[in-house]
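One structure is given below, encoded as structure tokens.
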Amino acid sequence: MLIDTHCHLTYPGLQEQQADVVQRAQQAGVGKIISIGTHPADHPGTLDASARFEAVFSALGIHPHHAGEVGEDFAEPLEKLVRASQKVVAIGECGLDYHGNSAPQIVQKKVFGLQLELAKKLRLPVILHVRDAHEDTLKIMRNFPDLRFVIHCFSGTPQEAQHWIQLGAHVGFTGIVTYKNAPGVREACKLVPENRLLVETDAPYLSPQPVRKMKINEPAFVTHVAAQVAVERGCDAAHVAAITTQNAGELFGAQILHH
Ligand SMILES: [Zn+2]
């Protein structure tokens, strides 16, 4: 069994066909899916998907792209939603994204920090979105040594991957690992220890080869990600499935393995 540890079932392209998407995932051997809610208006739909489908779990957070849209009082309603659902397995995705600078850096840091405090309080792992903000994110995470977290959709350099591994992170790989123009990500994929490796789609984005540009991405295609990870690491895909599923259970809780 494979687990797609990061997708967005509420985003256009997937929302309209959730039941089919979940069914195709299961047929492809993708037994569990974690769907990520990225802003307050997205949270109810995300929870709804995890309530409707036994195979779907959720994570709730404020994506750095949306950090400027919430007030500092967002954490309390978020905590209530998380506490009320049995299927929320993480806080996030949250983090820093200086690529487009959709919100001022100081606002992003504030909203990120509040979510880390919440995760600590709720004893939940965190799903991190980091883009062009490696140093600042690393600095902040060093203040939360007890938090367990994954660097979702790793897109940095091998050296950056090393920094995260040293800090105890899990590292999630998407379809980027199948792209010719991402040699650094493939290199990083080789050096992540077995017990920290995760696979994900980030669907509906980042369709992997060989379906890149032909189809919108969906959880079933995490099989292509796992196959490429296996090639890079010189092992077979069944082994990648076994270790990444075990790692997902350790990070997000055994309930996602047995539900
Ligand atoms: Zn995402």
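Miscellaneous remarks
- Of all residues making up the range 53-72, the number that are acidic (Asp, Glu) and either modelled with pLDDT under 95 or in a helix (DSSP H, G or I) (or both): 2
- Hits in the range 1-36 (condition: of a type in the set (A, V, I, L, M, F, W, C) and under 19 Å from THR245 (Cβ atoms)): MET1, LEU2, ILE3, CYS7, VAL22, ALA25, ALA28, VAL30, ILE33, ILE34, ILE36
- The lone exception for VAL240 - which of (1) in contact with a Lys or Arg (Cβ under 8 Å, 6 or more places away or on another chain); (2) part of a loop (DSSP other than H, G, I, E, B) it fails: (2)
- Considering residues of the range 178-218 that are within 22 Å of SER35 (Cα to Cα), among the hydrophobic types (A, V, I, L, M, F, W, C) and away from the ligand (no atom under 16 Å from the Cβ) only, the residue nearest to the chain's Cα centre (by Cα): LEU197
- Taking helices (runs of 4 or more DSSP H) as the structural unit, those lying wholly within the range 76-175 and holding at least 1 residues that are farther than 30 Å from THR223 by Cα and under 16 Å from the mean Cα position of the chain (by Cα) correspond to 105-122.
- Tally, over the range 158-176, of residues that are open to solvent by less than 60 Å² (accessible area, probe 1.4 Å) and away from the ligand (no atom under 16 Å from the Cβ): 9
- Residue check for ALA41: at negative phi and modelled with pLDDT under 95: no
- VAL21 being open to solvent by less than 10 Å² (accessible area, probe 1.4 Å), within 16 Å of the ligand (Cβ to nearest atom), in contact with a helix residue (DSSP H, G or I) (Cβ under 7 Å, 6 or more places away or on another chain) and modelled with pLDDT of 95 or more: yes
The values are calculated or read from the model by the stated rules, or taken from the named source; none is laboratory data. Computed from a prediction, not measured in an experiment: that's the story for all the values here. Because the Cβ atoms are built from the backbone with ideal geometry, glycine has one as well, and the counts that use them run over all protein chains shown. For the accessible areas, the whole protein counts, side chains as well, though only heavy atoms, and no ligand, DNA or RNA atoms are used. Shrake-Rupley method; radii C 1.70, N 1.55, O 1.52, S 1.80 Å.
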